[in-house]
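Encoded as structure tokens, the structure appears first; notes follow it.
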Amino acid sequence: MIFDTHAHYDSEQFDEDRDSLLESMSDGGVGMIVNSCASIEDFDKTIALMEKYPFVYGAVGVHPDDAELMTEETLARVREMARLEKAVSIGEIGLDYYWHKEAHEHEVQKKMFRAQMDIAEEEKMPFMIHSREAAQDTLEIVKEYMKNRKMSGGIIHCFSYGKEIAREYLEMGLYLGVGGVVTFNNARKLKEVVEYAPITQLLLETDCPYLSPVPFRGKRNTSLNLNYVVDAIAEIKGMAREEVIEITENNAKRVFHII
Ligand code: NI
């Protein structure tokens, strides 16, 4: 079944129908979901979702947007949450230079990115990275960790760079998250990456409520729409859609250490 490796069901955009929607997942072919924390306020909401739904797991961490709000206490909380039974990843963490252009912001983001990579190492959990318009700095930090530290693997979520950058991550044995963008007409770069990357290193993800695939582009996204992403990947790879679903599900279970 489809494994959505990155969703935000804690978002208020799901307040009206969260329960009925999540209850419809299995009928829609979706077997497992990792809900990713972004802000500090998401921690408790993600825990509640993990407790309520057997098929919902959690990624725990703080998005670069909130790097400046982080304290030692926040980091302690991330570590504490990482030890929950259904926490499977440290994320989403990383660098965002699209929304934050000042050098001092970049320094804080890097510091908090590294601090959370340290937690991933120490708690033996895969990292889940958000990287936007920060290709070189992200790559540099990931390389440093993959080379000198004992990391438990990781994911570049919503991969948005080209083949050259993809190659670097793939050679380190990391996974690339692919979502609705792959169905967009103007997504030539991502389509090339999907064609190039081994299917054994690709993951399905929605980032819902954001990034709906065509034909729902611009509307609220849900994991059920991953069927369109599967079709797009199957077409690019010349594979059957069942094969795409099965292999990416196995990839997700492998990276998250879910048996
Ligand atoms: Ni996200």
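Need pairs with beta-carbon distance below 8 Å; first residue touching a residue at least 60 places away in the same chain (Cβ under 8 Å) and closer than 17 Å to Leu203 by Cβ and within the range 22-33, second assigned to a strand (DSSP E or B) and among the acidic types (Asp, Glu); sequence gap 6+ or separate chains. Sorted first by the residue in the range 22-33, then by its partner, the pairs are Val30/Asp4; Met32/Asp4; Ile33/Asp4. Is it fair to say Met32 is at pLDDT 95 or above, closer than 21 Å to Glu85 by Cβ and more than 16 Å from the ligand (Cβ to nearest atom)? Criteria met by Met32.
The C-beta contact set for the range 155-167 (first residue small (Gly, Ala, Ser), second residue within 16 Å of the ligand (Cβ to nearest atom), distance under 7 angstrom, 6+ apart or interchain) comprises Ser160/Arg132; Ala166/Phe159; Ala166/Leu176. Within the range 174-189, the residues that satisfy the criterion of being more than 16 Å from the chain's Cα centre (by Cα) and either surrounded by 22 or more Cβ atoms within 10 Å (Cβ to Cβ) or not hydrophobic (A, V, I, L, M, F, W, C) (or both) are Thr183, Asn185, Asn186, Arg188, Lys189.
Looking only at the range 36-58, which residues are in contact with a His (Cβ under 7 Å, 6 or more places away or on another chain) and closer than 17 Å to Lys253 by Cα?
At the first step, the residues of the range 36-58 found to be in contact with a His (Cβ under 7 Å, 6 or more places away or on another chain) are 36, 38-39.
Once the filter is applied, which keeps residues that are in contact with a His (Cβ under 7 Å, 6 or more places away or on another chain) and closer than 17 Å to Lys253 by Cα, the range 36-58 yields only Ser36.
Check the range 222-232 and report whether any residue there is modelled with pLDDT of 95 or more, out of contact with any Ser or Thr (no Cβ under 9 Å at 6 or more places or on another chain) and assigned to a loop (DSSP other than H, G, I, E, B). No. Do we have any residue at all in the range 128-140 that's assigned to a loop (DSSP other than H, G, I, E, B), under 30 Å from Glu51 (Cβ atoms) and modelled with pLDDT of 95 or more? No, because not a single residue in the range 128-140 is assigned to a loop (DSSP other than H, G, I, E, B), under 30 Å from Glu51 (Cβ atoms) and modelled with pLDDT of 95 or more. If you filter the range 105-160 down to residues that are within 16 Å of the ligand (Cβ to nearest atom) and among the charged types (D, E, K, R), you find that the one that is farthest from the chain's Cα centre (by Cα) is Glu133. Counting only residues that are modelled with pLDDT of 95 or more and part of a helix (DSSP H, G or I), the range 70-103 holds 11 of them.
Yes/no matrix, rows are residues, columns are (1) within 15 Å of the ligand (Cβ to nearest atom); (2) at negative phi; (3) part of a loop (DSSP other than H, G, I, E, B):
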{"position": "Asp4", "(1), (2), (3)": "yes, yes, no"}
{"position": "Asp10", "(1), (2), (3)": "yes, yes, yes"}
{"position": "Glu16", "(1), (2), (3)": "no, yes, yes"}
{"position": "Leu21", "(1), (2), (3)": "no, yes, no"}
{"position": "Ser39", "(1), (2), (3)": "yes, yes, yes"}
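For the range 233-259, which positions are without any contact (Cβ under 8 Å) to a residue 24 or more places away in the chain, outside any helix (DSSP H, G or I) and either touching a helix residue (DSSP H, G or I) at 6+ places or on another chain (Cβ under 7 Å) or not hydrophobic (A, V, I, L, M, F, W, C) (or both)? Within the range 233-259, Gly238, Ala240 meet the criteria.
Take the conditions (1) in contact with a helix residue (DSSP H, G or I) (Cβ under 8 Å, 6 or more places away or on another chain); (2) surrounded by fewer than 22 Cβ atoms within 10 Å (Cβ to Cβ); (3) not polar (S, T, N, Q); Glu85 misses just one of them, which is (1).
The values are calculated or read from the model by the stated rules, or taken from the named source; none is laboratory data. Just so it is clear, the model here is predicted, and its values are computed rather than measured. Counting neighbours? That spans all protein chains shown, and the Cβs are built from the backbone with ideal geometry, glycine included.
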